[in-house]
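Starting off with a structure, shown below.
Throughout, read-outs are computed from the coordinates displayed, never taken from laboratory work. None of these values were measured; they are calculated from a predicted model. Cβ coordinates were reconstructed from backbone atoms using ideal geometry, including for glycine residues, and neighbour counts include every protein chain displayed.
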Amino acid sequence: MLTARLLLAFAAACVLAATPSLAKDRRVDIVNASGYTITSFFASAVDEDSWEEDMLDNDTLKNGETLEADIDDGSDACVYDFKAVFSDGTVLVKRKVNVCEIGTFTFKP
């Protein structure tokens, strides 16, 4: 009886080990091709009422540069709103970006 239970537990462990992870990759390359420097970048799940912290954290993203951003806030959300603030004062908001389906997002003029 004990041997049967051990075999069953081993078989279950093998099935779990062979199952692909359900975790989704939320890493996105944020590319600045706008012609201006981005001074702040925010990504917040669409159901949030306010913007999360500035992902540039007092740095800047110059034209032609890329930010490797991990957009995972622990909520398992895939759809986020993006907000970029540019050096000339312009603010650009892009709504409903599915970070589970893209690897790159480019701010263009």
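With 19 Å as the limit, write out which pairs from LYS24/LYS94; LYS24/LYS62; LYS62/LYS83 have Cα-Cα distances beyond it, or answer none.
LYS24/LYS94; LYS24/LYS62
Now, a different point. Measuring from label point to label point, each 7 Å out along Cα→Cβ, what is the LYS108 to ASP88 span in nm?
Inter-label distance under the simple model: 1.7 nm.
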